[in-house]
1. For a Förster distance of 35 Å, can you work out the FRET efficiency between the beta-carbons of residue 137 and residue 65, rounded to the nearest 0.05?
2. Based on the alpha-carbon gyration tensor of segment 32-142 and its eigenvalue square roots a ≥ b ≥ c, which shape applies: rounded if a/c is under 1.5, prolate if not and a/b is larger than b/c, or oblate?
3. Quick check on segment 92-145: take the gyration tensor over C-alpha atoms, sort the square-rooted eigenvalues as a ≥ b ≥ c, and tell me if it's rounded (a/c under 1.5), prolate or oblate.
4. Ordered by packing density, taken as the mean number of other Cβ atoms within 10 Å over each peptide's residues, highest first, how do 43-54, 68-79 rank?
5. Using 20 Å as the cut-off for backbone N distance, which residues of segment 94-131 belong to the label zone defined by a point 7 Å from the Cα of residue 44 along Cα→Cβ?
6. Looking only at segment 102-121, which residues have a backbone nitrogen under 12 Å from a spot 7 Å from the Cα of residue 92 in the C-beta direction?
7. Taking neighbour counts of Cβ atoms within 10 Å as a proxy for exposure, in what order, fewest first, do 97, 130 appear?
8. From Cα pairs below 8 angstrom and at least 6 apart in sequence, can you work out the relative contact order of segment 97-144, rounded to a whole percent?
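Every read-out reported here was derived from the displayed coordinates using simple, explicitly stated rules and does not represent laboratory data. Note that this is a predicted model, so its numbers are computed, not measured. All Cβ positions, glycine included, derive from the backbone under ideal geometry; neighbour counts span all protein chains shown.
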């Protein structure tokens, strides 16, 4: 009886180790960088500083909505998608998706206003590299110089 109990415990441990190894192999590398301007902190997009979802949410929470020139943005270097956010109040956000960002940008972008719950859900999907665009009601605009 003791031998059977030990075998069951050993098998449970091996199963847990196997589950952990499987979940580790499911993690995929994300080549996402960020840029921001906030009171006391500026990160230039040319710095190519990588960021993960939890750090992104922390940085977004730290944005001072009482200042005029604050923003944060994320670029997925693999998919060439670019999201930018400005915090308008504690829970009100303005979001932009730059269309064909980078050199040669012709001024087109999608924009939307939303609450933090929808923004954080969308950002989580962006970091997971699954379909995220449909999370907000976007309007297309063009910036004119």
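1. On the way: r = 22 Å, r/R0 = 0.61.
So the FRET efficiency works out to roughly 0.95.
2. Working: a/c = 1.22, a/b = 1.10, b/c = 1.11.
Here segment 32-142 falls in the rounded category.
3. Values: a/c = 2.65, a/b = 1.56, b/c = 1.70.
Since a/c reaches 1.5 but b/c is at least a/b, the shape of segment 92-145 is classed as oblate.
4. Numbers: 43-54: 13.1, 68-79: 15.5.
Descending mean neighbour count gives 68-79, 43-54.
5. In segment 94-131, the label zone of residue 44 (backbone N under 20 Å from the point 7 Å along Cα→Cβ) covers 102-105.
6. Label zone hits: 113-115.
7. On the way: 97 20, 130 8.
Listed from fewest to most nearby Cβ atoms, that is 130, 97.
8. Details: 47 pairs, mean separation 20.7, N = 48.
Relative contact order of segment 97-144: 43 percent.
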